[in-house]
Amino acid sequence: MRKHCIQSLFYNIEQTARVCHAGAENYLKEHAQSKLTLDEFIIIETVSCFPDICQRDLAKMILKGTSHTSKLLSVLEEKNFIERPIDTKGNRIVRKIIVTDLGAETFNFVSKVLDNYIKSIENVISKNEAADCETFLNKIKETVIKSGNIVFE
């Protein structure tokens, strides 16, 4: 008998990812005084790790469309967590993304809050289970990437 879409492995992976994202969002709302959303946190973390990243590359890295990323960056700029001075990259004019001192301070606070949430989940899963799961998910991801041109818009 054929499985329905909502009974498939891929649906279960997507559903799990969404549940994890929503759980982290809710935890941040309750414990981080709504200083950053999870998406804003991920942007500041990514920019901190890759200080020369442009908006287009950031969007690809965080798996968001460029317009959604632009809106998130505008919110972070309004909160004074980032600055976006104009710069050049090759022959292109780009807006550089710089995390401000306030942004770094807020990120560090939220990072500690999020670490507590992650630890509470990691306590339920053994290190071997986590490693096996990560290997399995990477295998699926690489297979899907090889099978087609994946673009996040």
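The values are calculated or read from the model by the stated rules, or taken from the named source; none is laboratory data. On a predicted model such as this, the values are computed, not experimentally measured, just so you know. Methodologically, a virtual Cβ is constructed for each residue, glycine included, from the backbone with ideal geometry; neighbour enumeration extends over all protein chains shown. Please note that ligands, DNA and RNA were not included when accessible areas were found on the heavy atoms of the full protein model with its side chains. Shrake-Rupley method; radii C 1.70, N 1.55, O 1.52, S 1.80 Å.
Calculated FRET efficiency, Leu137 and Ala22, Cβ-Cβ r, R0 22 Å, to nearest 0.05? Mind showing how you got there, number by number?
Working: r = 19 Å, r/R0 = 0.85.
The computed FRET efficiency comes out at 0.70.
What is the calculated FRET efficiency for Asn108 to His31, with r their C-beta to C-beta distance and R₀ = 25 Å, to the nearest 0.05?
Numbers: r = 15 Å, r/R0 = 0.58.
In this case the efficiency is close to 0.95.
So, for the chain, what is the accessible surface per residue at a probe of 1.4 Å, expressed in square angstrom?
Numbers: 11000 Å² over 153 residues.
Dividing the accessible area of the chain by its residue count gives 72 Å².
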For Asn138, net neighbour charge (Lys/Arg +1, Asp/Glu -1) across residues whose Cβ lies under 13 Å away: 0
What GluC sites (Glu not before Pro) in segment 67-152 are in a loop by DSSP, with at most 12 other Cβ atoms within 10 Å of the Cβ? none
Which angle from 0 to 90°, rounded to the nearest 10, does the C-alpha axis of helix 66-78 make with the longest principal axis of the chain? 50
Nearest 10 degrees, 0 to 90: what angle lies between the long axis of helix 9-31 and the longest principal axis of the chain (Cα atoms)? 50
What are the extents of the Cα atoms of segment 14-105 along their three principal axes, listed from largest to smallest and rounded to whole Å? 42, 31, 21
Exposed-loop cut sites defined as trypsin sites (Lys or Arg not before Pro) in DSSP loop states with at most 15 other Cβ within 10 angstrom; longest site-free run of the chain spans 4-78
First check a/c for segment 52-153, with a ≥ b ≥ c the square roots of the eigenvalues of its C-alpha gyration tensor; if it is under 1.5, answer rounded, and if not, answer prolate when a/b is larger than b/c or oblate otherwise. oblate
So what does Asp115 come to for accessible area, using a 1.4 Å probe and Å² rounded to 10? 70
Give me the extension gain from Ser120 to Asp57: residue separation times 0.36 nm, minus the current Cα-Cα distance, reported in nm with one decimal. 19.5 nm
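For segment 10-63, what class follows from the C-alpha gyration tensor (a ≥ b ≥ c being the square roots of its eigenvalues): rounded when a/c is under 1.5, otherwise prolate if a/b is larger than b/c, else oblate?
Values: a/c = 3.55, a/b = 1.24, b/c = 2.85.
Since a/c reaches 1.5 but b/c is at least a/b, the shape of segment 10-63 is classed as oblate.
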Pairs Lys112/Lys139; Lys35/Lys89; Lys64/Lys112; Lys60/Lys141; Lys29/Lys112; Lys89/Lys146: which are spaced more than 22 Å apart, C-alpha to C-alpha? Lys112/Lys139; Lys35/Lys89; Lys64/Lys112; Lys89/Lys146
